[in-house]
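Below: the structure, in structure tokens.
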Protein chains: 2
Amino acid sequence: MKEGPDIARVAALLGDPARANMLTALMGGRALTATELAQEAGVTPQTASSHLAKLEAGMIVTPRKQGRHRYFTLSGPDIVEALEVLMGIANRVGHNRVRTGPKDPELRHARVCYDHLAGDMGVALFEGLTKRNLIESDLNGVALTAAGITFAGEFGIDLDALRSKRRPLCRECLDWSARQSHLAGSFGAALLDRFYDLGWARRGVESRIVRFSREGERQFRDLVNF
Amino acid sequence: MKEGPDIARVAALLGDPARANMLTALMGGRALTATELAQEAGVTPQTASSHLAKLEAGMIVTPRKQGRHRYFTLSGPDIVEALEVLMGIANRVGHNRVRTGPKDPELRHARVCYDHLAGDMGVALFEGLTKRNLIESDLNGVALTAAGITFAGEFGIDLDALRSKRRPLCRECLDWSARQSHLAGSFGAALLDRFYDLGWARRGVESRIVRFSREGERQFRDLVNF
DNA sequence: TAGATGCTTCGATTACCATCGAACTATGAA
DNA sequence: TTCATAGTTCGATGGTAATCGAAGCATCTA
């Protein structure tokens, strides 16, 4: 009974958890590399490569080669629209099957997204830094302000070291739990590292949960609630 | 990495060919029984039952019990929207992978949909009968007009025999190739049977293609082009 | 040049799920 | 009641696809 526009083929492409996670990550609007997408999806680079090949063949994502990286973006507004609609349905459905495992709230609160802070606290960090005028974001992305550069030095982050890497300093990353942005990029990662170093937080073993100490959470609030 | 609104879960539900065919059939807007959906999807009733249970659990379709039938409808406008967007993407993809097997154009032109005529000629039939005021359709469905009842008798169709079956006389069926309606229901099926009997057309062996003879196609055009 | 990193291909394994036959329940018709 | 039809559940089977380890290619850096 293979007939008609293969809606099943397209839906099946979006219907794999790993691929769906990749696509959700790409909803941020910025191009991501294959490796980043692999980590976002929680699979090995090989597996991710296979998935990306399928998505590319299905014209869901578009690759753009740059140096030894391959950056992927969603291949069109219709893909974005489809994902948004599906998110809406999934949320509707999700409300009814309230199976909040014990870890779930913690994951929503603070977790690692690749190597930076995500969850409610990640969003709070992004917003706090924006309010304090340490970062500013426009259509092209996010960047440190002059005040932000000063702040980074005071906070113990070596920006020059970060800049020597090819990875962008600041990047916006869409948060699934809050549907808002949190801070990614090497600066975002450095901030989380610094939180670890300062003893504000520890990373949960064998999970992506980030656990803040009481004192650490207080200091964090000072940082973002200014 | 199960996190976030389970867009994958929803997409996977739409990503099975059998389920996608059922949902496409339901895009016509009318409620269909489990058996009808099974035939539409080309699977056995058992398999269909399993699929429908999943779709129901996922809140994609809503069942309504009536007598010993279970009528299914799409559970909301968001589902319709999702299917439409996916159809659009699938069409776009289809354009680029132009693997039009030799049978493809013929399938688009005239084919069997379960037991009635679909494809361009199916759409032409629906429109022709409407223009001649033999059928009329509104939100509730399609029905024969008084003139249509007369016409049926003259054309050699025993309406009383059809009415004795529980199956609806006229039904609208959405056409994937033309995105328009063609005529289903027992009357639609009877028309196609009559075309066979009159020698206007033959059904292709082992395929769903309907092949009109030259003379048959001429007569058909007289019928619908009035 | 050598070494590191990003990404892919290949091959083997595993797990899931669609499918259908058979048997069962429920509703309606005679 | 008895028979037919609509629909389901159960169990077994098969095929497909996701996954990862290992190895390869490509690109950048030193």
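The values are calculated or read from the model by the stated rules, or taken from the named source; none is laboratory data. Remember, predicted model here, so these are calculated numbers, not experimental data. Please note: Cβ atoms are built from the backbone with ideal geometry, for glycine as well, and neighbour counts cover all protein chains shown. Heavy atoms of the whole protein, side chains included, go into the accessibility calculation; ligands, DNA and RNA do not. Shrake-Rupley method; radii C 1.70, N 1.55, O 1.52, S 1.80 Å.
Observations, loosely collected:
- Total residues in the range B:165-209, condition outside any helix (DSSP H, G or I) and either out of contact with any Ser or Thr (no Cβ under 9 Å at 6 or more places or on another chain) or at pLDDT below 85 (or both): 28
- A count restricted to the range A:16-40 and to residues that are within 22 Å of B:Asp16 (Cα to Cα), within 12 Å of DNA strand D (Cβ to nearest atom) and not polar (S, T, N, Q) stands at 6.
- Residues of the range A:37-62 that are within 7 Å of DNA strand C (Cβ to nearest atom) and in contact with a helix residue (DSSP H, G or I) (Cβ under 9 Å, 6 or more places away or on another chain): A:Pro45, A:Gln46, A:Ala48, A:Ser49, A:Leu52.
- Count of the range A:33-76 residues, restricted to those that are open to solvent by less than 60 Å² (accessible area, probe 1.4 Å) and among the acidic types (Asp, Glu), is 2.
- The helices (runs of 4 or more DSSP H) falling completely within the range A:1-82 that include 1 or more residues that are more than 30 Å from B:Ala110 (Cα to Cα) and at the interface with chain B (Cβ under 8 Å from one of its Cβ atoms) map to A:7-14, A:17-26, A:34-41.
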